[in-house]
Ligand code: ADP
Ligand code: MG
């Protein structure tokens, strides 16, 4: 059986696609053509909403936006991924007032206006090679691409000077906040800030250590290919179900744990204080959730230490331990995710874990570059054996941020 590889587009290819789409469907030429990547989180899962640490990289797969300013407040949107044209007045965009896929785009314009920037109506076309709903953050890629296109087209100054070229990390952090507001308040999706920070603030050829308490970002050396390793992403294509409810339940459990322990977040519980903390939590479910968060934050610290020391291979066991914790203590994996990990490890991978929110979505595998085909085949075979839909494979060299 041949393996399904999802390739990425070059910048020229993506730009040409959205520019043509804007002209074909809305009859205008763009003022700005910009793009932003999907992401994989290397480690540090389900800790962004409890003051934790995450270690994401940007995918080479990007969402492209071509955008033309209008003289009124109308927003007209088309996407190559849907036939549904989305139209609204920007003045009418508010929490609870709009729905449909355009909320991710119009929501960013709304949030930038809320932050005091002058944004008017626009026509925009979207095209993307980031798979939807695969836990690779197509929603944040769409928001981030929109954000930089709006900065370009409306010559916005986010504090470092007007335009996209002036965007420094602090200005990108402001844009990420606008994207988070768009997703939480306009799209109505209850997410932390990991996805938006990744798409806007990642660094090519590195991972970023994101401190979810204060939003600080530090690049951490992570480039598997030059040391003969590779990071493979597997979109399991497992059907998502009850994701929103399960996500809210996890968040509530983590918040409850912090409340009972009298701490601002679970980052405040040190690893050597974990046993003592667990004794004070009488609900066994909340105990398991707490153990995941505290140990996961520690695994991120250890990951950063090994990467700073140049030992990419040492990340493998930490990734696998993260998966086991997400499977057994946080209970957010599904059989497809567990199958990727088991099959990859049996075929000789250095480490493997689910990435993103779980309940379906994607997994990542750290492997020797020359064993890539063998490991991918073993995963595909395991899926076939268990009667799962065929997974898709993506190459994931750490790529460049929105711009
Ligand atoms: P994920 O972010 O993991 O891919 P989400 O459910 O958060 O999954 O976001 C997916 C949603 O984002 C889609 O259902 C769609 O509404 C919107 N979206 C993302 N990319 C595009 C696109 N290229 N065109 C239209 N809508 C998009
Ligand atoms: Mg998303």
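The values are calculated or read from the model by the stated rules, or taken from the named source; none is laboratory data. Quick caveat, the model's predicted, so the values are computed rather than measured. Please note: Cβ atoms are built from the backbone with ideal geometry, for glycine as well, and neighbour counts cover all protein chains shown.
Condition check: at pLDDT 95 or above, away from ligand 1 (no atom under 16 Å from the Cβ) and surrounded by 16 or more Cβ atoms within 10 Å (Cβ to Cβ). Does residue 234 satisfy that? Taking the combined requirement at face value, the residue does not satisfy it.
Scanning region 350-403 for residues that are outside any helix (DSSP H, G or I), without any contact (Cβ under 8 Å) to a residue 40 or more places away in the chain and surrounded by fewer than 20 Cβ atoms within 10 Å (Cβ to Cβ) gives a single hit, 387. All told, residue 250 falls short of being closer than 18 Å to residue 39 by Cα and crowded, with 19+ Cβ neighbours inside 10 Å. Annotation: of all residues in region 319-335 being within 20 Å of the chain's Cα centre (by Cα) and farther than 21 Å from residue 249 by Cβ, the one that is surrounded by the fewest Cβ atoms within 10 Å (Cβ to Cβ) is 320. All of 96, 120, 100 fail the test of being assigned to a loop (DSSP other than H, G, I, E, B) and near ligand 1 (Cβ under 8 Å from one of its atoms), apart from 100.
All of (1) in contact with a helix residue (DSSP H, G or I) (Cβ under 8 Å, 6 or more places away or on another chain); (2) surrounded by fewer than 16 Cβ atoms within 10 Å (Cβ to Cβ) hold for residue 4 with one exception: (1). In the condition set (1) on the phi < 0 side of the Ramachandran plot; (2) out of contact with any helix residue (DSSP H, G or I) (no Cβ under 9 Å at 6 or more places or on another chain); (3) within 16 Å of ligand 2 (Cβ to nearest atom), residue 183 is compliant with all but (2). The helices (runs of 4 or more DSSP H) found entirely in region 219-329 that carry 1 or more residues being touching a residue at least 60 places away in the same chain (Cβ under 8 Å), touching a strand residue (DSSP E or B) at 6+ places or on another chain (Cβ under 8 Å) and over 19 Å from residue 209 (Cβ atoms) are 315-328. If you filter region 97-148 down to residues that are within 14 Å of ligand 2 (Cβ to nearest atom) and at positive phi, you find that the one that is nearest to the chain's Cα centre (by Cα) is 137.
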